[in-house]
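Participant: Below are the structure tokens for one structure; questions will follow.
Any read-out appearing in this document is the output of simple, stated calculations on the displayed coordinates, not a laboratory observation. Please read these numbers as outputs of a predicted model, since none were measured by experiment. So basically every Cβ, Gly included, is an ideal-geometry build from the backbone, and we count neighbours across all protein chains shown.
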Amino acid sequence: MEKIILYFCVILFSNTIGAISGMGGGVIIKPVLDHFSSDSLFAINFYASFAVFIMAMTTTTNVIFRKNIDIEWLDACFLAVGSAVGGFLGDGIFTRMLNIFKNDHVVNMVQIILVIISLVLSLLYSRPGKFKLKSKLEWLIYILLGIFLGGLSTFLGIGGGPINVAALIFVFKFKPKRAALYSIISILFSQLIKIISNVPALTEHHLQIALLPIIAIAAVLGSNFGTQISLRLTEKMVLMIYKFVVALVIGLNLYNGVSILIN
């Protein structure tokens with residue numbers, strides 16, 4: 001029962017914040033569960049990916065039926081294709097590392113270091129870049145960026161929202177709310193591929209399938225809460241929430257990293 005309450009509360013809060021800022025929730029879910037849950041690294045990664053996927057699917061569905069949204073669906077499709085390819089590659093690297101090291105702490109430490117570096121860069125570069133893209137190459141850049149973001153986020157097990165938002169703002173000069181929408185679409189496809197790839201290994205890693213409906217309910221509620229709150233916020237407020245949560249998550253990852261080293 002305690003485990004159900006832990007997962008429900010963590011995912012509800014994380015996905016609410018994730019839907020507001022485009023972060024996807026996984027960047028909060030992963031380090032919190034690393035600290036409080038006794039599950040294996042594979043299980044935590046899968047539960048986080050499943051929660052983030054449900055959030056992204058719910059948010060994307062809400063966006064489709066919303067009028068006057070700031071999104072070009074063809075560009076979003078190119079990003080989605082790249083994210084799906086990246087999701088496959090990132091999950092393959094994660095699984096390979098688990099098989100090579102056979103030690104959750106080593107792989108988790110690598111993830112924590114890369115997460116901290118990525119989040120610090122996200123904070124520094126969450127502003128439009130001072131360069132101009134050639135319009136004829138934009139479709140290719142969407143695909144390549146999707147591969148990179150999907151691969152990195154799937155390997156790290158965080159959904160990748162903060163990194164996605166910063167990259168989209170920096171490369172395409174998006175406003176924060178627009179970047180959040182594209183980020184969630186990227187998350188949807190990268191995490192879908194990760195989940196499909198992991199299905200054959202669920203029994204081997206002793207995952208509790210009965211926990212998935214609880215995670216799904218919390219993810220849907222969090223997504224709906226976050227979407228409604230986001231509609232009432234200004235671009236500046238969304239960016240402030242994004243930066244505050246990223247700084248908070250960096251601190252949590254530092255704490256988890258130090259704990260691993262001490263133990």
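Participant: So which of LYS134/LYS175; LYS30/LYS175; LYS3/LYS30; LYS3/LYS243; LYS132/LYS243 end up more than 21 Å apart by C-alpha?
Facilitator: Values: LYS134/LYS175 19 Å; LYS30/LYS175 27 Å; LYS3/LYS30 15 Å; LYS3/LYS243 30 Å; LYS132/LYS243 25 Å.
Long pairs (Cα-Cα over 21 Å): LYS30/LYS175; LYS3/LYS243; LYS132/LYS243.
Participant: In addition: Running a GNM on the chain with Cα contacts under 10 Å, which residue among GLY157, GLY251, GLY90 ends up with the highest mean-square fluctuation?
Facilitator: Among GLY157, GLY251, GLY90, the largest mean-square fluctuation in the Gaussian network model of the chain belongs to GLY251.
Participant: Could you state the number of Å between the C-alpha centres of the stretch 203-263 and the stretch 95-143?
Facilitator: Cα centroid to Cα centroid, the span is 17 Å.
Participant: Still on this structure: Quickly rank 93-102, 222-231, 112-121 as a protection proxy: mean count of other C-beta atoms within 10 Å, highest first. Each step should come with its number before you reach the end.
Facilitator: Values: 93-102: 14.1, 222-231: 19.6, 112-121: 17.6.
Sorting 93-102, 222-231, 112-121 by mean packing, highest first, produces 222-231, 112-121, 93-102.
Participant: Same structure again: Restricting to Cα pairs below 8 Å that are 6+ residues apart, what does the relative contact order work out to for the chain? Please round to a whole percent. Please list the in-between numbers first.
Facilitator: On the way: 428 pairs, mean separation 100.4, N = 263.
Relative contact order, the chain: 38 percent.
Participant: Given the DSSP H assignment, sum -39500 (n - 2.57) over each helix run of at least 4 residues in the chain and divide by its residue total; what's the result at 222 nm in deg cm²/dmol, nearest 500?
Facilitator: Details: 10 runs with 207 residues, N = 263.
Value at 222 nm, helices only, nearest 500: -27000 deg cm²/dmol.
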